[in-house]
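Worksheet: one structure, shown below.
The values are calculated or read from the model by the stated rules, or taken from the named source; none is laboratory data. Computed from a predicted structure; not experimentally measured. Backbone-built Cβ (ideal geometry, glycine too); neighbour counts: all protein chains shown.
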Amino acid sequence: MNKIGKYEFDSLEQAESKINALGTSTDEDGNTYPTHSHCVVKLGYIVLEQGEYNEEGEETKAPVLSDKYHLDVLWKGLEPIDAEAEVLSYIEPNDWADNRIGIDGNGVHSFMGLDYQLYKF
Amino acid sequence: MGKGIVKLGEGNWAVKDGNLLAAKETNGRFKNAEFTVDRGTRASYVGRDGLIKESNLQDVNLVNNGDFSELGSELVTNGDFSTDSDWTLENGAVINNGSVNIIGVGSRFKQDVLTVGKTYKLDYQVVSTNGESFRFQDGVTAFADINQAVGYHTYYFEATGVRVQFQALGDINARIDNVSVKEVDPNDYWTLGTGWEIIDGIAVADGSISGNNYLISTGTDSVVGKTYKVVFTVSDYVAGNVRVRAGQFASDNVNANGTYTQYQVSSSTETVRVQGSSSFEGKIDNISVQEVKIDTPRIDFTDNTDGHLLLEPQSTNLVTYSQQFGGATDYFNNYNQASEVTNNNLAPDGTNTATQIVSTGDGKLQTSSYISLPANTTYTLSFFAKNVDATEVKSRILANGGSGGSNLTSVSYVSQINTSTWTRITHTFTTNSTSQAYILYLSNALNSGGNIQLWGAQLEALPYATSYMPTNGSTVTRDAETCTGAGETADFNSEEGVLYAEIAALANDGTTRRISLSDGSTSNRVSLELDETSNIIKAFISSGGVSQILQYTASDLTQYNKIAIKYKVNDFALWLGGVERDTDTFGSVPIGLNTLEFAQGSGSQKFYGKCKSIRVYKEALSDTDLQNLTS
């Protein structure tokens, strides 16, 4: 089962640590690559309020950024918590659920052709 | 040349159940070997007709007779009373003049053709009547509410007996003609719970539904985890809620007339069912449930008529409105010395969504605010453009540098576009060494009075443009693809053979991309690599973890190249373009080759690029054969 989760972390470093814990390996040329198949999208410190600029392009009001680092993840091939349950339910690995947030709609980012409200945990 | 070939492409593409089929020759006969394509999202490609399409619905509908209109064959014989036969006539009924005449109390005609418990559609014509009453009955139940006026009438009923019978009640003199009886839903595609009927080609709930009295399709089960597009129409709504469930228990209820489209992810294996609340009173029709098969392989026809398998990495379109321009919240929202002429022109996807702009000076279509982009990062801005009558137009990236800003890059594209076809313009740029804001222009320096059409803007953090990702209010990500797992041990020869591919890289982008014949690991493999160093191609032949590595620097791996790796004990060669490019005369062959995949053997280091053809031979070909194969 594929599921979409939206997450926030205290910092980029915390987010990357969590991502790397999903698994990486290194090839014979020294290139590091992920060994998991999940689709991780780094949204960063998302803009909560747009900045303003004058006609000369000078910033007159700085954009307001979230103080949290945001990720969207399309989890692929999750196994149900209880395969015998009438309605199957799922959860992310490695305690990712601790950083999960819920939103209305799709938010500032979506996965092509997938409605977050249909695929959320 | 060669025997026991496994091959893919070469203009012959086949997809089965969403997987890509390679053809394998076994004992002189061809059969299919499936590649498993995996991609978590939809993706677009250019179809054989030149239009942009999205990986989409599977044709299979889980529901049969979703419009409830299916009727069985005619059950009545001589329903037009053309002869005096087939009907049992009693108490004065007679057939003459091409109809049946019922005269006097109890006069009747009948045939026994029904099955108890089935639902039927009765059609008949009252040709004339003196106004006295008659009734229709099935041998057990009398249906006195049928229409008795002169004219053509239809009546639906559930049979409690086997008889089709019209019978006079009063002192009648009436003529009946054109009697027809057909079974409704003759293939039992629907099971009707209490309170549901199929009447006149529509499922009707009368408000007496209780508990789990569903209208249940007997079609195909939904599959857990799959997404389904559910479409249905509600009419003559009176009260209550109704929903169509495709394995999703919490699908949305509706409570008004209209045609509804829902996407549901199945969480249970079950056939489609219509669930009304106990008070639902209304009609439901035209139910369609189709799987949204998002990870179908993409055979793209962008630059050739034979097509190529397109495999791409994960990417995000950062433009939040890719097809609409000029509105306050649109990404490209500022017409500066330009205006929109129309926004309903024929677009590259066949829809009427392309925008035509005219220059009233410098002809700019741009982001109105500065877009913050991180330092030292390469982006590609792409969009589709078509000329109308312009003599100059540029794409531009403007860095925020104080008064008026300064150009990061500006590229004229008027020479690339024409008036008859759409051209995808790509503009790759690298941001400055400090974090800065930029204005992006799809159009700039458009000659005054000049017109162009634009559609499908995309900004990606990649040094090249990938397939188009439409957006409508948010950024959108396409998942990376994998194409793995074709073949089995019998299809390949570990002792000798050739791995051949005609492929093109998407770009020299510093990544490693591999196609491998392996035992499922990197320890035993024949692996073709487009190296992270530009235009370097490598061949890895690994046996028990010990690798022979052949290497060649091609002129341009972003163009199609025909490449072959020959492997045999102490005889390894890398061929490209009809020439043997590198050899090794020492080494062992892999053990247990059993799978072909667009990756390095263990599923990682995926191949992203374009592939016109793959061939695996079970024997080491001669130099002449390899020269011919790769020329």
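Conditions tested, residue by residue: (1) within 30 Å of the chain's Cα centre (by Cα); (2) more than 24 Å from B:L574 (Cα to Cα); (3) small (G, A, S); (4) more than 14 Å from every other protein chain (Cβ to nearest Cβ).
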| site | (1), (2), (3), (4) |
| --- | --- |
| B:G449 | no, yes, yes, yes |
| B:T466 | yes, yes, no, no |
| B:G473 | yes, yes, yes, no |
| B:T477 | yes, yes, no, no |
| B:T482 | yes, yes, no, no |
| B:Y500 | no, no, no, yes |
| B:N508 | no, no, no, yes |
| B:I515 | yes, no, no, yes |
| B:G520 | no, no, yes, yes |
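Which residue is surrounded by the most Cβ atoms within 10 Å (Cβ to Cβ), if the candidates are limited to the range B:203-254 and must be of a type in the set (D, E) and part of a strand (DSSP E or B)? I'd like the intermediate steps shown before the answer.
Looking only at the range B:203-254, we keep the residues that are of a type in the set (D, E), and these are B:206, B:221, B:236, B:252.
In the following step, the residues that additionally are part of a strand (DSSP E or B) were identified as B:206, B:236.
Working: B:D206: 14, B:D236: 11.
So, considering only residues that are of a type in the set (D, E) and part of a strand (DSSP E or B), the one surrounded by the most Cβ atoms within 10 Å (Cβ to Cβ) is B:D206.
Got a sec? Which of B:G66, B:G79 is more than 30 Å from B:I216 (Cβ to Cβ), over 18 Å from the mean Cα position of the chain (by Cα), surrounded by 15 or more Cβ atoms within 10 Å (Cβ to Cβ) and not hydrophobic (A, V, I, L, M, F, W, C)?
Only one candidate qualifies: B:G79.
This table checks each residue for (1) modelled with pLDDT under 95; (2) surrounded by fewer than 18 Cβ atoms within 10 Å (Cβ to Cβ); (3) under 16 Å from A:D27 (Cα atoms).
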residue: B:S534; (1), (2), (3): yes, yes, no
residue: B:A539; (1), (2), (3): no, no, yes
residue: B:A573; (1), (2), (3): no, no, no
residue: B:L576; (1), (2), (3): no, no, no
residue: B:R581; (1), (2), (3): no, no, no
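Restricting to the range B:99-112, what's the tally of residues that are assigned to a loop (DSSP other than H, G, I, E, B) and modelled with pLDDT of 95 or more?
1
Looking only at the range B:285-304, which residues are closer than 21 Å to B:D221 by Cα and of a type outside the set (V, I, T)?
Keep residues of the range B:285-304 that are closer than 21 Å to B:D221 by Cα, which gives B:285-296.
Answer for the range B:285-304, where residues must be closer than 21 Å to B:D221 by Cα and of a type outside the set (V, I, T): B:D285, B:N286, B:S288, B:Q290, B:E291, B:K293, B:D295.
I'm trying to understand the selection: among the residues of the range B:207-224, which are within 14 Å of chain A (Cβ to nearest Cβ) and touching a Ser or Thr at 6+ places or on another chain (Cβ under 7 Å)? Working first, answer last.
The first filter runs over the range B:207-224 and keeps only residues within 14 Å of chain A (Cβ to nearest Cβ), leaving B:212, B:222-224.
Those that are within 14 Å of chain A (Cβ to nearest Cβ) and touching a Ser or Thr at 6+ places or on another chain (Cβ under 7 Å): B:S222, B:V223, B:V224.
Go through the range B:332-383 and tell me which strands (runs of 3 or more DSSP E), entirely inside it, have 2 or more residues that are surrounded by 16 or more Cβ atoms within 10 Å (Cβ to Cβ) and of a type in the set (V, I, T). Give the derivation first.
Working: elements: B:334-346, B:352-366, B:371-373.
Because the criterion is at least 2 residues that are surrounded by 16 or more Cβ atoms within 10 Å (Cβ to Cβ) and of a type in the set (V, I, T), the strands (runs of 3 or more DSSP E) in the range B:332-383 that meet it are B:352-366.
Residues in the range A:95-121 that are touching a residue at least 60 places away in the same chain (Cβ under 8 Å), within 19 Å of B:G40 (Cβ to Cβ) and more than 9 Å from chain B (Cβ to nearest Cβ): how many?
5
Is it true that A:V40 is surrounded by 13 or more Cβ atoms within 10 Å (Cβ to Cβ), in contact (Cβ under 8 Å) with a residue 60 or more places away in the chain and in a strand (DSSP E or B)?
Values: surrounded by 13 or more Cβ atoms within 10 Å (Cβ to Cβ): yes; in contact (Cβ under 8 Å) with a residue 60 or more places away in the chain: no; in a strand (DSSP E or B): yes.
Here the answer is no, as A:V40 does not meet what is asked.
Determine whether B:S420 is at pLDDT 95 or above, in the same structural domain as B:N352 (by TED's automatic domain parsing), under 38 Å from the mean Cα position of the chain (by Cα) and of a type outside the set (V, I, T). Step through it out loud before you land on a result.
On the way: at pLDDT 95 or above: yes; in the same structural domain as B:N352 (by TED's automatic domain parsing): yes; under 38 Å from the mean Cα position of the chain (by Cα): yes; of a type outside the set (V, I, T): yes.
In short, yes.
Conditions: (1) at the interface with another protein chain (Cβ under 7 Å from one of its Cβ atoms); (2) touching a residue at least 12 places away in the same chain (Cβ under 8 Å); (3) in a strand (DSSP E or B); (4) not aromatic (F, W, Y). A:L88 meets all but one. Number of the miss?
Going through (1) at the interface with another protein chain (Cβ under 7 Å from one of its Cβ atoms); (2) touching a residue at least 12 places away in the same chain (Cβ under 8 Å); (3) in a strand (DSSP E or B); (4) not aromatic (F, W, Y) one by one, A:L88 breaks only (3).
Among the numbered criteria (1) among the acidic types (D, E); (2) within 10 Å of chain B (Cβ to nearest Cβ); (3) in a helix (DSSP H, G or I), which one does A:E16 miss?
Failed condition: (2).
Among the listed residues B:T466, B:T484, B:T471, which satisfies the condition of being within 27 Å of A:G77 (Cα to Cα), in contact with a Ser or Thr (Cβ under 6 Å, 6 or more places away or on another chain) and not assigned by TED's automatic domain parsing to the domain that holds B:K364? Outline the logic, then answer.
Details: B:T466 fails: not assigned by TED's automatic domain parsing to the domain that holds B:K364; B:T471 fails: not assigned by TED's automatic domain parsing to the domain that holds B:K364.
Answer to the check: B:T484.
Going residue by residue through the range A:63-71, is there one that turns out to be under 30 Å from B:L398 (Cα atoms), of a type in the set (A, V, I, L, M) and surrounded by fewer than 19 Cβ atoms within 10 Å (Cβ to Cβ)?
We begin by selecting, within the range A:63-71, every residue under 30 Å from B:L398 (Cα atoms); these are A:63-71.
Retained after the next criterion (residues that are of a type in the set (A, V, I, L, M)): A:64-65, A:71.
Checking the rest, the ones that are also surrounded by fewer than 19 Cβ atoms within 10 Å (Cβ to Cβ) come to A:64-65.
Yes, because at least one residue in the range A:63-71 is under 30 Å from B:L398 (Cα atoms), of a type in the set (A, V, I, L, M) and surrounded by fewer than 19 Cβ atoms within 10 Å (Cβ to Cβ).
Taking the condition surrounded by fewer than 19 Cβ atoms within 10 Å (Cβ to Cβ), farther than 24 Å from B:F35 by Cα, of a type in the set (A, V, I, L, M) and out of contact with any Pro (no Cβ under 6 Å at 6 or more places or on another chain), does B:A461 pass? Walk me through it before giving the result.
Values: surrounded by fewer than 19 Cβ atoms within 10 Å (Cβ to Cβ): yes; farther than 24 Å from B:F35 by Cα: yes; of a type in the set (A, V, I, L, M): yes; out of contact with any Pro (no Cβ under 6 Å at 6 or more places or on another chain): yes.
So B:A461 passes the test.
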